[in-house]
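Asker: Take a look at this one; I'll ask things after.
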Amino acid sequence: MKAIGYYQPLPIDNPESLQDIELPAPVPGARDLLVRVKAVSVNPVDTKVRKNAAPEAGQAKVLGWDAVGTVEAIGSGVQNFKVGDRVYYAGSIIRPGANSELHAVDERIAALAPKSLDDAQAAALPLTTITAYELLFDRLQVPKDGGEGQTLLITGGAGGVGSILIQLARQLTKLRVVATASRAETRAWCLALGAHVVIDHSKPLAAELKAAGIDEVDMVASLTQTDQHYAQIIESLKPQGQLAVIDDMKVLDAMPLKTKCISLHWEMMFARSRFTTPDIAEQGKLLAEVAALVDAGRIRTTANASFGTINAANLQKAHALIESGKAQGKVVLAGF
């Protein structure tokens with residue numbers, strides 16, 4: 001099968017940073033679906049792994065943790081899918097990625113893809129949807145249809161996770177949603193997705209909130225550059241507020257949270273699949289729920305840039321855009 005991989009961590013402008021390769025087709029395990037991949041999207045995790053994770057000597061590492069495709073075969077223990085089903089999912093960080101014509105994935109973390117979206121539009125959703133959903137409902141523990149009178153601040157609202165988190169918070173809770181964006185186009189994007197208020201994260205957050213008539217917020221979803229905004233986030237949170245974080249920092253000092261008794265929550269959407277937790281199937285369930293919301297017209301795709309077919313050259317362009325920090329919504333690719 002065709003695949004795109006790499007043999008050593010290299011800067012994205014190096015022609016060998018991602019390569020078109022041929023690999024044997026995967027053999028599905030008992031709970032696996034063997035999926036013929038139709039479309040993928042690219043996430044920051046792809047760039048982080050590519051830059052830092054060295055494959056075994058002589059072995060290619062395949063990235064890609066968002067896919068849409070058709071089930072071509074099923075494992076002996078598969079219960080919920082059949083050959084021919086069109087599915088979407090984010091895969092597992094400890095298994096080969098989906099930048100390949102065929103891909104094996106545990107059925108418990110997959111769901112039927114939204115019928116109203118094409119393959120590329122649907123491929124934009126899984127990883128960021130799982131991250132946003134788990135952050136909102138599992139980590140911050142906002143009740144469905146709850147949160148009335150409370151305010152959620154989302155830093156990096158126009159990014160992949162922010163773009164779906166704004167929508168989930170607006171559609172499934174009563175929270176007041178404040179997003180951050182620093183450019184006119186990203187501000188407009190956040191407002192179109194449903195943010196009540198958008199503030200500029202290139203300026204001090206506490207002052208920006210106050211200028212918008214908001215003295216303090218109840219919870220913060222810090223999706224990017226947490227180290228830069230950390231002091232301002234703490235200043236902006238109410239006593240006994242909540243902070244949920246997804247990005248990578250060299251150090252996160254939790255002591256400044258003590259005075260206000262702020263709780264800290266980490267969201268890592270790969271935890272359930274990495275450790276095969278007893279509730280691993282919750283990821284498939286939430287993807288099914290969001291697919292229904294999409295088909296009902298309540299949630300829209302976050303795809304915002306299409307980079308053509310799935311090959312090394314196009315994936316290099318996608319990685320470069322994400323590394324620039326200027327991506328808005330999601331970058332998708334479709335077809336081989």
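Asker: Being under 22 Å from Glu134 (Cα atoms), at pLDDT below 95 and open to solvent by 20 Å² or more (accessible area, probe 1.4 Å) is the filter here; which residues of region 228-279 pass it?
Answerer: Answer for region 228-279, where residues must be under 22 Å from Glu134 (Cα atoms), at pLDDT below 95 and open to solvent by 20 Å² or more (accessible area, probe 1.4 Å): Asp248, Met249, Leu252.
Asker: Quick one: what pairs do we get from region 32-49, first residue part of a strand (DSSP E or B), second open to solvent by 10 Å² or more (accessible area, probe 1.4 Å) and among the polar types (S, T, N, Q), C-beta under 9 Å, 6+ apart or different chains?
Answerer: Val35/Thr70; Arg36/Thr70; Val37/Thr70; Lys38/Thr70; Ala39/Gln121
Asker: Of all residues in region 217-227 being open to solvent by 40 Å² or more (accessible area, probe 1.4 Å) and in contact (Cβ under 8 Å) with a residue 40 or more places away in the chain, which is nearest to the chain's Cα centre (by Cα)? It would help to see each step written out before you state the result.
Answerer: Initially, region 217-227 is screened for residues open to solvent by 40 Å² or more (accessible area, probe 1.4 Å), giving 224-225, 227.
With in contact (Cβ under 8 Å) with a residue 40 or more places away in the chain added as a condition, the list becomes 224-225.
Numbers: Thr224: 12, Gln225: 16 Å.
Looking at residues that are open to solvent by 40 Å² or more (accessible area, probe 1.4 Å) and in contact (Cβ under 8 Å) with a residue 40 or more places away in the chain, I get Thr224.
Asker: Look through Glu16, Glu22, Glu72 and report the one residue that is within 29 Å of Gly159 (Cβ to Cβ) and free of Cβ contacts under 8 Å to residues at least 40 places away in the same chain. Can you show your working first?
Answerer: Numbers: Glu22 fails: within 29 Å of Gly159 (Cβ to Cβ); Glu72 fails: within 29 Å of Gly159 (Cβ to Cβ).
Within the list Glu16, Glu22, Glu72, the selection yields Glu16.
Asker: Out of region 290-309, which residues are in contact with a helix residue (DSSP H, G or I) (Cβ under 9 Å, 6 or more places away or on another chain) and either outside any helix (DSSP H, G or I) or open to solvent by 60 Å² or more (accessible area, probe 1.4 Å) (or both)?
Answerer: Looking only at region 290-309, we keep the residues that are in contact with a helix residue (DSSP H, G or I) (Cβ under 9 Å, 6 or more places away or on another chain), and these are 290-291, 293-294, 298-308.
Selection gives Arg298, Ile299, Arg300, Thr301, Thr302, Ala303, Asn304, Ala305, Ser306, Phe307, Gly308.
Asker: Going by what's in this entry, would Ile130 be described as touching a Leu at 6+ places or on another chain (Cβ under 6 Å), buried (at least 23 other Cβ atoms within 10 Å of the Cβ), closer than 21 Å to Ala327 by Cα and not small (Gly, Ala, Ser)? I'd like the intermediate steps shown before the answer.
Answerer: Values: touching a Leu at 6+ places or on another chain (Cβ under 6 Å): no; buried (at least 23 other Cβ atoms within 10 Å of the Cβ): yes; closer than 21 Å to Ala327 by Cα: yes; not small (Gly, Ala, Ser): yes.
For Ile130, the condition - touching a Leu at 6+ places or on another chain (Cβ under 6 Å), buried (at least 23 other Cβ atoms within 10 Å of the Cβ), closer than 21 Å to Ala327 by Cα and not small (Gly, Ala, Ser) - is not met.
Asker: Determine which single condition Leu136 fails, assuming it passes every other condition in (1) surrounded by 24 or more Cβ atoms within 10 Å (Cβ to Cβ); (2) closer than 22 Å to Asp227 by Cβ.
Answerer: Here Leu136 clears every test but (2).
Asker: Identify, please: which residue in region 148-166 is open to solvent by less than 10 Å² (accessible area, probe 1.4 Å) and not hydrophobic (A, V, I, L, M, F, W, C) and is, among those, farthest from the chain's Cα centre (by Cα)?
Answerer: If we take residues in region 148-166 being open to solvent by less than 10 Å² (accessible area, probe 1.4 Å) and not hydrophobic (A, V, I, L, M, F, W, C), then Thr151 is farthest from the chain's Cα centre (by Cα).
Asker: Which of (1) surrounded by 22 or more Cβ atoms within 10 Å (Cβ to Cβ); (2) in contact with a Ser or Thr (Cβ under 8 Å, 6 or more places away or on another chain); (3) of a type outside the set (D, E, K, R) does Ala169 not meet, given it meets every other one?
Answerer: Just one mismatch for Ala169, condition (2).
Asker: Among the residues in region 223-240, are any β-branched (Val, Ile, Thr), farther than 15 Å from Val161 by Cα and not in a helix (DSSP H, G or I)? Spell out the reasoning first.
Answerer: Step one: list which residues in region 223-240 are β-branched (Val, Ile, Thr), which gives 224, 226, 233-234.
Restricting the remaining residues to those that are farther than 15 Å from Val161 by Cα gives 233-234.
With not in a helix (DSSP H, G or I) added as a condition, the list becomes none.
No, region 223-240 contains no residue that is β-branched (Val, Ile, Thr), farther than 15 Å from Val161 by Cα and not in a helix (DSSP H, G or I).
Asker: Right, here's the next one. Taking region 33-66 as the search range and keeping residues that are over 20 Å from the mean Cα position of the chain (by Cα) and open to solvent by less than 10 Å² (accessible area, probe 1.4 Å), which one is nearest to His103 (Cα to Cα)?
Answerer: Taking region 33-66 and keeping what is over 20 Å from the mean Cα position of the chain (by Cα), we get 33-36, 54-61.
In the following step, the residues that additionally are open to solvent by less than 10 Å² (accessible area, probe 1.4 Å) were identified as 33, 35.
Working: Leu33: 8, Val35: 5 Å.
Checking each candidate, the answer is Val35.
Asker: What is the residue count in region 310-327 for residues that are polar (S, T, N, Q), open to solvent by less than 50 Å² (accessible area, probe 1.4 Å) and assigned to a helix (DSSP H, G or I)?
Answerer: Kept after step one, since they are polar (S, T, N, Q), are these residues of region 310-327: 311, 314, 316, 324.
This time we only want the ones that are open to solvent by less than 50 Å² (accessible area, probe 1.4 Å), so: 311, 314, 316.
Checking which are assigned to a helix (DSSP H, G or I) leaves us with 314, 316.
Number satisfying all stated conditions: 2.
The values are calculated or read from the model by the stated rules, or taken from the named source; none is laboratory data. Computed from a prediction, not measured in an experiment: that's the story for all the values here. Positions of Cβ are generated from backbone atoms using ideal geometry, with glycine treated the same way; all protein chains shown enter the neighbour counts. The accessibility values were calculated without ligands, DNA or RNA, using every heavy atom of the protein model including side chains. Shrake-Rupley method; radii C 1.70, N 1.55, O 1.52, S 1.80 Å.
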